[in-house]
Amino acid sequence: MSRRLPYEFQKPADGSKVFWRSLEEKANPDVYAKQAVAEFPQGVGPLEKGEQEDKTSLSRRGFVTLGAITAALAAEGCARRPVEKILPYTKMPEYSIPGLSYHYATVHRSRGDAVGLLVESHDGRPTKIEGNPSHPSSLGATDAMTQATIFNLYDPDRSRGPRKLHASGNATWAELDAAFAEIVRTNLGDRGARLRVLAEPTNSPTFQRMREAVRSRFPLAKFHAFTPVNESEAREGSKIAFGQAFNAIVDYAQTRTIVAVDSDFLGTEPGNVRATKGFAASRRVLSPKDDMSRLYVVEPVLTTTGATADHRLRLPARDAGAYLLALAKELASLGGPQKVDLGDVAGAVSKAADVPNVSKQWIGVVAKELASNKGKSAVVVGSRQPAWVHALAHAINVGLGNAGQTVSYFPVAEPTELDQQADIKTLAADIEAKKVGTLLILGGNPVYDAPQDAKFDARLREVQTSIHLSSHYDETSELSTWHVPLAHELETWGDQRALDGTRSVQQPLIAPLFGARSEIETLARLAGDPNPGGHELVKATVKAAIANPLDLDRTWNNALKRGVLQAAMPPYGAPAVKGPDIAGAINTGVGKAKKPVGADNIEVSFAADPKLLDGRHANNMWLQELPDLLTKICWDNVAQVSPNTAKAMDLAAGDVVRLSRADAGQPIDVAVWIQPGTADNVFALTLGWGRQVAGRYGNKHGFNVYPLRTTDAMGFVDGVKVQKLASAEKEAIKDKLARPGLAGGPSPAPGRTGPDDPFEAESQRYKLSQTQDHDVMEGRPDAIDATLAEYRENPRFPQFSSEAHGRHSGAVQPKVLPLWSKVKYEGHKWGMSIDLNACTGCNACVIACQAENNIPTVGKEQIERGREMYWIRLDRYFTGTEHEPLVNLQPVACVHCEEAPCENVCPVNATEHSPEGLNDMAYNRCIGTRYCANNCPYKVRRFNFLNYNGDDGVVPDTEKMHFNPNVTVRMRGVMEKCTYCVQRIEEAKISSRRDGKPIKEGDPNGITIQSACQQVCPADAIAFGDLNDKESRVATLARRDRNYYLLADLGTGPRTSYLGKLRNPNPEMG
Amino acid sequence: MSSVNLPIKSIGETPLTAEGTTFRSITETVARVTENPAPRGWWIAFLISSSFLGIMTMAIGYLFWMGVGVWGNNAPVYWAWDITNFVWWIGIGHAGTLISAVLFLFRQKWRTAINRFAEAMTIFAVICALVFPGIHVGRAWLAYYMFPLPNEMSIWPNFKSPLIWDIFAVSTYATVSTLFWFVGLIPDLATLRDRAKTPLRRMIYGALALGWRGSNRAWQNYERAYLILAAISTPLVLSVHSVVSFDFATSLIPGWHTTIFPPYFVAGAVFSGFAMVMTLMLVTRAVYGVRSIVMMKHLELMNKIMLTTGSLVGYAYGMEFFIAWYSGDQYEQWLFFHNRASLDGPFSWAYWIMISCNVLSPQVFWFKKMRTSIPVMFVVSILINIGMWFERFVIIVTSLHRDFLPSSWGYYKPTLIDIFTYLGTLGLFFTLFLLFIRWIPMVAISEVKGVLPEADPHHDAHEEHSHDEDGHDEAVGTPGLVAAEAEE
């Protein structure tokens, strides 16, 4: 059994040959070895292990290199540059050790929030994003979109220089600056009366400071703010309720009951990472005595939040407000100890009508539960719901005593940006009225994503001079007179403010790759600074904010080190509610309701896409390929409809429909997907797809639904006409959906073998690529769940057969005897534990793994063939009915079987067991028989069917820069799979050996190893560590009663175990 | 008298060759095929098959250039047409050795008419099969890692892997089959050498005949060598396909993990091998007019073997279902009842094609009329070839496409390159086969002569039951000797 012998050299047996350095050593080798270690603590260890070099001591070559560098630095003399310590070096600094990575703290804007980051940098290249544990919006975790922004930095289609309208190539920066100076001069004449700036809503204090600087120079200039997925309604609602715009932050960890009304707070709403952390904490059940929170979700189509719900009500988005109203009415009518005082609102809600398709329990039982959990519940409303629904939710939360307990209120960063829909419309109207001469667009892509009634594309053409700052040459850039490259967040200085007011400095890790400017630098130029530097601008803002200017350097350095400049501001505990205003808003809002949603009144809802958000990530191939949690579709968006609606309208998945509104908007064409759990008569759309000028990966994927969206229908609209497209009409839209010919393939991968037609040859349906097309478990004990009551009755439910929910669940013990004698793993014994109860399916682990392990994307066509490369995947199963499905999620990566079926069958020993129990892959030994993958019951092995990482010259150079240098980039014909992040384990072991620190979790002096998926998980669902360390989290979890091993009956002896999922249904809901 | 020397009953009563067949006529019939100019039909067939060979070469070139992704293989169906074709060809390669060696050891003299044919077919089928293990791997240029070659890293192949067992089993089989075939050819090559009219022919056949002079000592050594090789080959018939079946049987995939596989695979291999021999022989027999040597009697006997092995295979199919039910293993039950048999299964069409072709179609051979009808046996033999291809396809693809975790289930569709590669191996096979019938005696001249009545000096109706054992043995034991002497 040589395969499991430890690598450590054996002590020579008596009589065998011993090499010795001195007679003393020969006489007493053990003592001498100890002496040697004591004498050369750093050198001896590695050398003994047969390593070639010792990384810490200074070799002859190292000495000469350092000497040369010192000489070169000295020769450069005293030409001192201002020190911007965090910028990657251009001259090798003394403290830098090549091959070692460094982490820098920075911050990332995520909708209205700012997520603190620690970014890993290898020799000046940022390669991986981690959450910053000391930042409250991150707490060490991130989401999938944040993880993927590292790809945006290296996106090969980022614009590489300024461009002038109709000019064929890039213009020079000097030309741009000259033109800019001219523009400034022109506008100075009339004090900026014809100057407008359109920016995305900001959370940056420096941006605000620059804006004021511009205003002081151009007093008549106006600023507009717009982004297509915004918080306008929520802020308006808070303004109605409290007279001031607040960000409401829910501390989910303290909640017992949560009612989410059309709110995907675990997925796409701002603050999702922090919400997931708290939510998971409120549901952490360690023993049958523990309690867990209960989540009620009302939504039109399944979202991450809905998939996690204990009770889910599918309701058209329009009726969500009516439901909340009915709930409020019930709350107001409760008496006795459960009395809920809604104040002036009670009168308005008492007129609430019944909501169709809502059972009595959904009103009565939910109200009762909320009322009996006063101060421990939360009612949250999605940002696309109208302001009055938000206002009502605020009133309910205050009435329930949640305000100040579970819900805290923080003033928004920029109170002037209230109604962005109105703002963009005003801007468009002003352009039409010839009031605008110069338009500066800072970020965003309004030509693509502005509401249809603003007609922004036509308006932009009318502006005499327009300057568009954006990362890509996109739809808006095409129509602007000037396009200026916008720097990535990891390339420029900035500062940001989280929802709770936590301020952070955004520090760059790399100089702009192709030359680019940030928004604040551009504004500073406009304000008259001839050559502004982001560093000075941000530092000046910080200086203005601190009390004692002498503290500047300390504060600044601290902020860069910790990633937090200023902690969260104190929340407004329970602001006073303006009852009459709310009542008025409710009456106005309810008055607008027309006829109910039904077969003759179809509703369309627009949601932020969980991957592309509003389209800004369209050219990010990681996100393009990322399978949607609920549909498992890659590279496309779809209109989700319920099985009933599809039946009534005779629609099948892949049919393309034309959705049009009688009064407004332009018709859109979109492929249909039949999704269990969707409300009837609803077409649920996601924004951000169907880009035509996004870049090589983003172009012509999915369907653009913005044309249907208008300022009065940003979230949802009813009265939509649905028409199934005939083949001639499909032919007409073909060129929008796929590039013609074999050369312009839809995928980044090589080797397409079929011609590129967006429609199936026979059925004429739109081709959709999924990574999982079988939705049910077929009675197998895979993602095992039980209710909390069932768990209390039988805490070991995943390990035994039971009839929970009428399903067979429970994994039996191995039936098969092991082939070999059991190996006793001494030293480390790596293992993983995944808590299915915590996992929300946010997909962050999938992208984190992809970024950490250099996993290629394969493209739509290869996904269709079933060749995705993810090392960790999210299995999604439906149980229950197709109308009211329950969702079971299960992240699956290699489980590192102790009796690994893959190892026996490999003819060339390319996959072997390590002494620590890892199932290792030797890529250079692998010849690609694929036998291991056939024999893997978990199907977690991935094969490079083609050269997905590209041949020389195919992959753009910038894309190569994101590779993690510690992980091999695999070529075609090689099998790969999860390694438990072996590079992180080895790195820790090396530094443990070097520094003498133990690898021990939770030991302040020790080294903790985290796998990439574990580190990113906002729900702390994944634990990785040493099973031999009884204190470690993974070992503790593996001893829990809910623990089970997937497919344990096969006798594979997996190292990854799962904790069974729990649901917490309310028995009264029936 | 020794019963082993008696022909089986149905044959023994009538001669194994047509009335009036003489030593000369046999030599003439067989040898002239290699001497006369090739008929036009041969050229047309050769052109077609070598074109397919060219297509295969291009398909494989493209495969090497791009990677395995040009095939339809995917996750979870990591093996598909590549291994299906491999097992199919190996199976076809079984009839040769069975007919040559096993029937030789059992003194089944009717084999003489078809054994050369079958042996050649074996070798060509094994060549076709060997194409696939080499090209199906992701990095074909490193496929030599599978051989136990000494190397500086001291890494050996993994001897626990059935693929390594395959390497040994198949290469042994290929070597022994080739040797066996070549040894059997020596006297006939000498005959061709002796008949050669051009120096080139004489030189080539002379070299190949290894200086055969037909002496008594040479015949003695020859017969001994042939017997030994037959004895070595016989266990290989059982071992090769048993080992190939281990590729599947030792894995844990439902539908693969089955103890019945070794005998079931061997029966299937013999079944498909006989079907292929039958198909080819019916064509050759018609084209080259060797009806006097390959008689209806031989064909009928082969049909009986196909009926037997087909029913064995059918029994195995049924037994798999029984075990799936009896074991109570839900994964296996899903595989058999949903993936294969149920019409809802995505690949049930393949399963039912397999059942119709392999189990139902040979049942017509219960009737003598059918057994002796050339068109019927031709159609059935082709159906069996198709059915046996589908058997391998069903085993490999239907087991893989839906295994343990429903999240990973998939479907398989071949690409054009898959199809080209498969058709290309047929091209390779027929190209080799056409070259064989053009240049090498397609029937074992010396052996057929050995079963002529003339080869047995004592052969007389009234003497048959009275002549002494030794005399009989001597005559039959050296049929070639007698035949060769008679020829000279």
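Given the criteria touching a residue at least 60 places away in the same chain (Cβ under 8 Å) and more than 22 Å from A:VAL538 (Cβ to Cβ), does A:ARG185 qualify?
For A:ARG185, the condition - touching a residue at least 60 places away in the same chain (Cβ under 8 Å) and more than 22 Å from A:VAL538 (Cβ to Cβ) - is not met.
Please work out which residue is surrounded by the fewest Cβ atoms within 10 Å (Cβ to Cβ), limiting yourself to the stretch A:655-694 and to residues that are touching a Ser or Thr at 6+ places or on another chain (Cβ under 7 Å) and within 24 Å of A:GLU760 (Cα to Cα).
Per the criteria, the residue is A:PRO667.
Given (1) touching a residue at least 40 places away in the same chain (Cβ under 8 Å); (2) crowded, with 19+ Cβ neighbours inside 10 Å, identify the lone condition not met by A:SER1032.
(1)
Tell me which residues, restricted to the stretch A:333-391, are open to solvent by 30 Å² or more (accessible area, probe 1.4 Å), more than 17 Å from A:ILE258 (Cβ to Cβ) and under 31 Å from the mean Cα position of the chain (by Cα).
Answer for the stretch A:333-391, where residues must be open to solvent by 30 Å² or more (accessible area, probe 1.4 Å), more than 17 Å from A:ILE258 (Cβ to Cβ) and under 31 Å from the mean Cα position of the chain (by Cα): A:ARG384, A:PRO386, A:TRP388.
Tell me which of these A:LEU427 doesn't satisfy, since it passes every other one: (1) touching a strand residue (DSSP E or B) at 6+ places or on another chain (Cβ under 9 Å); (2) part of a loop (DSSP other than H, G, I, E, B); (3) within 30 Å of A:THR206 (Cα to Cα).
Going through (1) touching a strand residue (DSSP E or B) at 6+ places or on another chain (Cβ under 9 Å); (2) part of a loop (DSSP other than H, G, I, E, B); (3) within 30 Å of A:THR206 (Cα to Cα) one by one, A:LEU427 breaks only (2).
Tally time: how many residues in the stretch A:840-867 are under 17 Å from A:LEU630 (Cβ atoms) and open to solvent by 10 Å² or more (accessible area, probe 1.4 Å)?
Qualifying residue count, the stretch A:840-867: 3.
If I filter the stretch A:573-582 for residues that are in contact with a helix residue (DSSP H, G or I) (Cβ under 7 Å, 6 or more places away or on another chain), acidic (Asp, Glu) and open to solvent by 30 Å² or more (accessible area, probe 1.4 Å), do I get at least one hit?
Yes, there is a match, as at least one residue in the stretch A:573-582 is in contact with a helix residue (DSSP H, G or I) (Cβ under 7 Å, 6 or more places away or on another chain), acidic (Asp, Glu) and open to solvent by 30 Å² or more (accessible area, probe 1.4 Å).
Taking the stretch A:959-971 as the search range and keeping residues that are open to solvent by 30 Å² or more (accessible area, probe 1.4 Å) and not β-branched (Val, Ile, Thr), which one is nearest to the other protein chains (Cβ to nearest Cβ)?
Once the filter is applied, the top-ranked residue is A:MET971.
For A:GLY347, work out the one condition from (1) part of a helix (DSSP H, G or I); (2) modelled with pLDDT of 90 or more it doesn't fulfil.
Of the numbered conditions (1) part of a helix (DSSP H, G or I); (2) modelled with pLDDT of 90 or more, the odd one out for A:GLY347 is (2).
Kindly evaluate B:LEU200 against the criterion of being more than 14 Å from every other protein chain (Cβ to nearest Cβ), in a helix (DSSP H, G or I), hydrophobic (A, V, I, L, M, F, W, C) and open to solvent by 30 Å² or more (accessible area, probe 1.4 Å).
Criteria met by B:LEU200.
Exactly one of (1) away from every other protein chain (no Cβ under 14 Å); (2) crowded, with 16+ Cβ neighbours inside 10 Å; (3) in contact (Cβ under 8 Å) with a residue 40 or more places away in the chain is unmet by B:LEU179. Its number?
Here B:LEU179 meets the rest and fails (2).
Need a quick list: strands (runs of 3 or more DSSP E) entirely within the stretch A:169-250 having at least 1 residues that are in contact with a Lys or Arg (Cβ under 6 Å, 6 or more places away or on another chain), open to solvent by less than 20 Å² (accessible area, probe 1.4 Å) and within 24 Å of A:LYS435 (Cβ to Cβ).
A:195-199
Give, as residue ranges, the strands (runs of 3 or more DSSP E) completely inside the stretch A:869-958 that count at least 3 residues that are under 23 Å from A:GLN850 (Cα atoms) and more than 7 Å from chain B (Cβ to nearest Cβ).
Counting at least 3 such residues, we get A:873-880, A:885-892, A:919-921.
Report yes if B:LEU426 is touching a residue at least 40 places away in the same chain (Cβ under 8 Å), open to solvent by 30 Å² or more (accessible area, probe 1.4 Å), more than 14 Å from every other protein chain (Cβ to nearest Cβ) and in contact with a helix residue (DSSP H, G or I) (Cβ under 7 Å, 6 or more places away or on another chain), otherwise no.
yes
Quick one: B:ILE395 ticks every box in (1) in a helix (DSSP H, G or I); (2) more than 14 Å from chain A (Cβ to nearest Cβ); (3) more than 17 Å from the chain's Cα centre (by Cα) bar one, so which box is it?
Answer for B:ILE395: the failing condition is (2).
Only one of (1) surrounded by fewer than 24 Cβ atoms within 10 Å (Cβ to Cβ); (2) touching a residue at least 24 places away in the same chain (Cβ under 8 Å) fails for A:ALA639. Which number is that?
Unmet for A:ALA639, out of (1) surrounded by fewer than 24 Cβ atoms within 10 Å (Cβ to Cβ); (2) touching a residue at least 24 places away in the same chain (Cβ under 8 Å): (1).
Can you tell me which residue within the stretch B:152-173, out of those that are of a type in the set (D, E, K, R) and more than 8 Å from every other protein chain (Cβ to nearest Cβ), is nearest to A:GLY928 (Cα to Cα)?
Of everything passing the filter in the stretch B:152-173, B:ASP166 is nearest to A:GLY928 (Cα to Cα).
Starting from residues that are of a type outside the set (A, V, I, L, M, F, W, C) and crowded, with 16+ Cβ neighbours inside 10 Å, keep the ones in the stretch A:760-772 and report whichever is nearest to the other protein chains (Cβ to nearest Cβ).
A:GLN772
Select, from A:ALA713, A:ALA728, the only residue that is out of contact with any helix residue (DSSP H, G or I) (no Cβ under 6 Å at 6 or more places or on another chain) and open to solvent by 10 Å² or more (accessible area, probe 1.4 Å).
A:ALA728
Of the conditions (1) assigned to a helix (DSSP H, G or I); (2) open to solvent by 20 Å² or more (accessible area, probe 1.4 Å); (3) within 14 Å of chain A (Cβ to nearest Cβ), B:LEU149 satisfies every one except a single condition; which number is it?
So B:LEU149 meets the others, but not (1).
Can you give me the number of residues within the stretch B:72-83 that are more than 8 Å from every other protein chain (Cβ to nearest Cβ) and not in a helix (DSSP H, G or I)?
1
Can you give me the number of residues within the stretch A:279-303 that are open to solvent by 20 Å² or more (accessible area, probe 1.4 Å) and either in contact with a Lys or Arg (Cβ under 7 Å, 6 or more places away or on another chain) or assigned to a strand (DSSP E or B) (or both)?
Qualifying residue count for the region: 3.
Would you check if there is a residue in the stretch B:248-257 being polar (S, T, N, Q) and within 14 Å of another protein chain (Cβ to nearest Cβ)?
yes
Out of everything in the stretch A:1035-1061 that is touching a residue at least 24 places away in the same chain (Cβ under 8 Å) and among the β-branched types (Val, Ile, Thr), what residue ends up being nearest to A:PRO1004 (Cα to Cα)?
Among them, the one singled out is A:THR1056.
Exactly one condition in (1) surrounded by 22 or more Cβ atoms within 10 Å (Cβ to Cβ); (2) assigned to a helix (DSSP H, G or I) is not met by A:LYS329; state its number.
(1)
Within the stretch A:1006-1014, can one find any residue that is open to solvent by 30 Å² or more (accessible area, probe 1.4 Å), farther than 30 Å from A:THR771 by Cα and hydroxyl-bearing (Ser, Thr, Tyr)?
Yes, because at least one residue in the stretch A:1006-1014 is open to solvent by 30 Å² or more (accessible area, probe 1.4 Å), farther than 30 Å from A:THR771 by Cα and hydroxyl-bearing (Ser, Thr, Tyr).
Which one is farthest from B:LYS304 (Cα to Cα), of the residues in the stretch B:107-146 that are assigned to a helix (DSSP H, G or I) and open to solvent by 60 Å² or more (accessible area, probe 1.4 Å)?
B:TRP141
The values are calculated or read from the model by the stated rules, or taken from the named source; none is laboratory data. Keep in mind it's a predicted model, so treat the numbers as computed, not measured. Note that each Cβ is placed from the backbone with ideal geometry, even for glycine, and that neighbours are counted across all protein chains shown. Remember, those area values only see protein heavy atoms, side chains included, never the ligands or the DNA or RNA. Shrake-Rupley method; radii C 1.70, N 1.55, O 1.52, S 1.80 Å.
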